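Throughout, read-outs are computed from the coordinates displayed, never taken from laboratory work. Quick caveat: nothing in here was measured; it's all calculated off a predicted structure. Every residue, glycine as well, gets a Cβ built from its backbone with ideal geometry; the counts of neighbours run over all protein chains shown.
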Amino acid sequence: LTRRKLTMSKVTEIKHPLILHKLAYIRSKDTGSKYFRELVEEVSMLMAYEVTRDLETEEVEVETPICKTKCQMLAGKKIAIVPILRAGLGMVDGILNLIPAAKVGHIGLYRDEETLQPVEYFCKLPQDIAERDIIVVDPMLATGGSAADAISLLKKRAKKIRLMCLISSPEGVKLVQEKHPDVDIYLASIDEKLNEKGYIVPGLGDAGDRLFGTK
Ligand code: PRP
Ligand code: URA
């Protein structure tokens, strides 16, 4: 009898009251692009607090006006934020507010509307990506195809990857967990299901179009 240790990624649904409140406005069809963009940025900043919870710190000595003391600072681990274009762009500034030293890579993928399969059209990553912890961001995790492909692409060059999305379907979470059991997933909400067009229900509609006013 051989025993195999099955490791499964951690899935964290961040149910903070401020996030829940802002998410209600984000979901509403009556919220226009300007306010939608601001809210996506704010929720991303709040989520970044949780996503970075396990970053390592190290002891440093600081001199206060009163005396010397020991404090903790981030232990030199470098971060890269990688938005999946287009909609992931809306989450970048919120995270940069908290981690201004992070570098930003871009992966361009769009879902073919017929097949729902992701098609890659752009990839530009920081030169030192292999030395960085990566946070992949995309507001929507629907079938999970786009996120799973983006992560596969990054794995050729990087080690520690986290995925951060606003809203997912149960199917999207399952696919990413199956394909990338080593990637922890952070979400503001796991919604009910996907509809026949691959949209998340209740979701928020098309994130890219709502952010950039393209429909
Ligand atoms: C949306 C969204 C994700 C993808 C999710 O992007 O931002 O990237 O769909 O779907 P999936 O989990 O089924 O792959 P879209 O392809 O519409 O491109 P856009 O951001 O350029 O509008
Ligand atoms: N992409 C979106 O923008 N919204 C969905 O609900 C699914 C995929």
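Might you report the magnitude of the Cβ-based charge dipole of the chain about its Cα centre, with Lys and Arg at +1 and Asp and Glu at -1, to the nearest 20 debye?
Dipole about the Cα centre, nearest 20: 420 debye.
Among the GluC sites (Glu not before Pro) within the stretch 17-62, which fall in a DSSP loop and have no more than 13 other Cβ atoms within 10 Å of their own Cβ?
Values: sites: E38, E41, E42, E50, E56, E58, E59, E61; in loops: E56.
Those satisfying the criteria are E56.
Work out how much length V201 to R53 would gain on full extension: take 0.36 nm times their residue separation and subtract the Cα-Cα distance, in nm to one decimal.
Here the segment from V201 to R53 would lengthen by 50.3 nm.
In the stretch 64-209, what % of DSSP beta bridges are antiparallel (nearest 5)? Write out the running numbers ahead of the final one.
On the way: 8 of 30 bridges.
The answer is about 25 percent antiparallel.
With θ set to phi - 60°, apply the Karplus curve 6.51 cos²θ - 1.76 cosθ + 1.60 along the stretch 26-37 and write out the HN-Hα couplings as whole Hz, x wherever there is a Gly or Pro.
After applying 6.51 cos²θ - 1.76 cosθ + 1.60, I find 4, 5, 5, 5, 7, 7, x, 4, 4, 5, 4, 4 Hz.
With a cut-off of at most 16 other beta carbons within 10 Å, and DSSP calling the residue loop, which GluC sites (Glu not before Pro) in the stretch 171-210 qualify? Please list them.
For GluC sites (Glu not before Pro) across the stretch 171-210 that sit outside H, G, I, E and B with at most 16 neighbouring Cβ atoms in 10 Å, the list reads E192, E196.
Would you mind pulling out the separation of the Cα centroids of the stretch 141-187 and the stretch 1-77, in Å?
Rounded to whole Å, the Cα centres lie 17 Å apart.
From the backbone phi of the stretch 198-215, what are the Karplus-calculated ³J(HN,Hα) couplings (6.51 cos²θ - 1.76 cosθ + 1.60, θ = phi - 60°) in whole Hz, Gly and Pro given as x?
x, 8, 6, 10, x, x, 9, x, 8, 4, x, 5, 6, 5, 10, x, 8, 9
Rg to Rh for the stretch 154-207: what is it, with Cα atoms only and Rh by Kirkwood?
Over the Cα atoms of the stretch 154-207, Rg/Rh equals 1.02.
Can you tell me the Rg and the Dmax, both Å, for the Cα atoms in the chain?
In order Rg, Dmax, the Cα atoms of the chain give 18.2, 66 Å.
Between L74 and L20, how high is the FRET efficiency from 1/(1 + (r/R0)^6) when r is the Cβ-Cβ distance and R₀ = 41 Å? Nearest 0.05.
Numbers: r = 29 Å, r/R0 = 0.70.
Efficiency computed from Cβ-Cβ geometry: 0.90.
What are the ³J(HN,Hα) couplings of the stretch 176-183, residue after residue, when phi is run through the Karplus curve with 6.51, -1.76, 1.60 and θ = phi - 60°? Round to Hz, x for glycine and proline.
So the J values, rounded to whole Hz, are 5, 5, 5, 7, 9, x, 8, 9.
Would you please classify the overall shape of the stretch 1-63 from the alpha carbon gyration tensor, given that a ≥ b ≥ c denote the square roots of the eigenvalues, rounded means a/c under 1.5, and beyond that prolate means a/b larger than b/c while oblate covers the rest?
oblate
Enumerate the amide H contacts of I135 below 5 Å, restricted to partners 5 or more residues apart or on another chain; note that Pro and chain-start residues carry no placed amide H.
Here A80, I81, V82, R162 satisfy the definition.
If N is the number of residues in the stretch 79-150, what value comes out of its Cα radius of gyration divided by 2.2 N^0.38 Å?
Against the compact-globule rule of thumb, the ratio is 1.11.
Within 10 Å of each candidate Cβ there may be at most 16 other Cβ atoms; applying that plus a DSSP loop requirement, which trypsin sites (Lys or Arg not before Pro) in the stretch 1-80 survive? Working shown, then result.
Values: sites: R3, R4, K5, K10, K15, K22, R27, K29, K34, R37, R53, K68, K70, K77, K78; in loops: R3, R4, K5, K10, K15, K29, R53, K77.
When the trypsin sites (Lys or Arg not before Pro) of the stretch 1-80 are filtered for loop state and at most 16 Cβ neighbours within 10 Å, R3, R4, K5, K10, K15, K29, R53, K77 remain.
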